[in-house]
Amino acid sequence: MKRNAAEIKFGIEIECMIPSGVSIPAGGYHHGLSINFAPAGWNAQSDCSIHCPSGYKPVEIVSPPMRGEDGLAQVYYMVEMINELGGIVNDSCGLHVHVDANSMSESEVMAVRNAFLRYELAFYGLSGTMACYRMTNGYSKSSRAAGVGERYQGINLLNWIDPSPLRRRNNARTIEIRAWAGTTNPDEIITAVYMAVALVASGGSETASEIKYARDAARLFVNEVWAAPSNRIIPDESVEELAAILQQRCIDSRL
């Protein structure tokens, strides 16, 4: 079932490291503390998977469910704030985007997974030189090498297949894309959000045909998915700039 990207809720998790002297209290995993300078609902959580150099502390910046142009504006603002505070990333950091799948059937969710498998190299390729590492990392391995019910892969369906009691109560079943390396580049993060939401909005694919090179996967994703305005979070906005970012990162990835 195709959906309108402008109306689909999404959320984002930005794993990063903040200078130790910066006052951002971080709550426990899935029990984040509100960030006082952030829009309502944004919180900070601790994350033991992030390995920090001296002088930094690990933090996962987590958004509330958002949608449309306002949601993109919030993402951009928060990334800019992370950069202003001196936030950095390393290879232990990841970027995750959740997309609302609460009303989707099993066949629809599996169709989205098939589409992800088709364009998988483009999703990993957005991380440029970190793409190969992400495809083999224990937290984000290629979904072609993972079972449907595994959490730590490029596309995670467990929040839909077996949601927590809290997700059930809040009608918050999601499809999560975990392919990307951590980044504080706002253009790259906005591109990732656009890609994840477009994948779900497109309705997916009946088959999981494989594309051999990341640059070809990126080109086909742009031509087959972003070509439809209904698959864009801002329908009347050109995706040429995002497409150029995606294509160049995929070339850099050497996948």
Please sort by residue number the GluC sites (Glu not before Pro) in segment 182-255 whose DSSP state is loop and whose Cβ has at most 12 other Cβ atoms within 10 Å. GLU206, GLU210
Rounded to a whole %, the carbon-and-sulfur portion of the accessible area of the chain at a 1.4 Å probe is 50
Would you mind working out the magnitude of the charge dipole of segment 88-139 relative to its Cα centre, with +1 at each Lys and Arg C-beta and -1 at each Asp and Glu C-beta, to the nearest 20 Debye? 160
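How many percent of Cα pairs in the chain exceed 30 Å? Can you show the working numbers first?
Numbers: 6524 of 32385 pairs.
Here the tail beyond 30 Å accounts for 20 percent of pairs.
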In whole angstrom, how far apart do the alpha carbon centroids of segment 151-179 and segment 195-255 sit? 22
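Please pull out the direction-averaged projected area of segment 1-70, using the convex hull of its alpha-carbon atoms, in nm² to one decimal place.
Details: hull surface 24.0 nm².
It is 6.0 nm².
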Taking the convex hull of the alpha carbon atoms in segment 125-255, what volume per residue do you get, in Å³? 125
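As a quick test, which of the pairs LYS9/LYS141; LYS9/LYS57; LYS2/LYS212 have an alpha carbon distance above 28 angstrom in this structure? Display every interim value, and only then the final one.
Working: LYS9/LYS141 25 Å; LYS9/LYS57 30 Å; LYS2/LYS212 26 Å.
In this structure, LYS9/LYS57 lie more than 28 Å apart at Cα.
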Note to self: with every protein chain in place and a 1.4 Å probe, the chain gives an accessible area per residue in Å² of 43
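The values are calculated or read from the model by the stated rules, or taken from the named source; none is laboratory data. If you're wondering where the values come from, they're calculated on a predicted model, not measured in any experiment. FYI the Cβ positions are ideal-geometry reconstructions off the backbone, even for glycines, and counts take in every protein chain you see. Accessible surface areas use protein heavy atoms only, side chains included; no ligands, DNA or RNA. Shrake-Rupley method; radii C 1.70, N 1.55, O 1.52, S 1.80 Å.
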